[in-house]
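Below: the structure, in structure tokens.
Rule-based calculations on the coordinates, nothing more; no lab input. Model, not experiment: these values are computed from the prediction. Ideal geometry is used to build each Cβ from the backbone, glycine not excepted, and the neighbour counts take in all protein chains shown.
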Amino acid sequence: MPTEVYLTKLPAHIALNRLLVEGAANSGHAWDIDSPRFRHRAVMGLFPQSDSTTARADFNVLFRYEVMPGQAPYFLVQSTVEPEGGRIKEMIETKLVIRDVPEAGSRIAFRLAVNTVTRDGKQAKPLPASPYDPLTNENPASLWIRHKLAPALSDVEFTQFNRQVLGVNRQGKGTSTRVVQVDTVDGIAAVEDPKRLEQLLLHGVGRAKSYGCGLLTIMPLAG
């Protein structure tokens, strides 16, 4: 069944301008694009105010920070509620997309930003991204992602794997009260279960969705 979602492009330089985002003449401190809390506030600031403590989930908001060749960095935001934009309404691009999930057996290309961190009680354990199998080039993080995508997708092949840790400086020292690991992966796969895939596309994959993890996007491949 087709699903209607809004896709919004929020330029990073607009998000960084606190005067526009919040109307604050004196911020008191500089915004940091690599702060998880800033990313959350910048994106959720696009939407109607809500008293709910689960507004992100209520609006099905997922987002990903994109750095594409030839383009200025931006946040790609997906939601089932149309962003209002507020002061920056004229500076964002929003379109309503009617998404029909490809049928089983279809080949797709995908991109996913995901938090590959497991928990043992209260202890967070980031999964290594360095290869450990010289034949398959697999690593614990990619194996974890493959498991999360099943049974929606099968025959998953990764073509690119990038890791960024938000909330720390180059020396690994915390610059924020929250630290979030974001692995952005590109790959190709076969659609195994369209209904499961539809749920992953709408509700996201894994943890830390409030901080830019979870958004899965796909593109059908010819043939």
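Considering only the other residues whose Cβ falls under 10 Å of the Cβ of ALA152, what net charge follows from Lys and Arg at +1 and Asp and Glu at -1? Computed value for this residue: 0.
What FRET efficiency do you get for ASP58 and TRP31 if R0 is 22 Å and r is their Cβ-Cβ distance, rounded to the nearest 0.05?
0.30
Among 202-215, 156-169, sorting by the average number of other beta carbon atoms lying within 10 angstrom of each residue, highest first, gives 202-215, 156-169. Taking a sphere under 10 Å around the Cβ of GLY206 and counting the other residues whose Cβ falls inside, with K and R at +1 and D and E at -1, yields a net charge of +2. For the peptides 57-63, 79-85, residues were scored by their other Cβ atoms within 10 Å and the scores averaged per peptide; the highest-first order is 57-63, 79-85. Packing, taken as the mean count of other beta carbons within 10 Å per residue, orders the peptides 191-201, 94-104 from highest to lowest as 191-201, 94-104. Share of pairwise Cα-Cα distances greater than 15 Å in segment 63-114 is 66 percent (whole percent).
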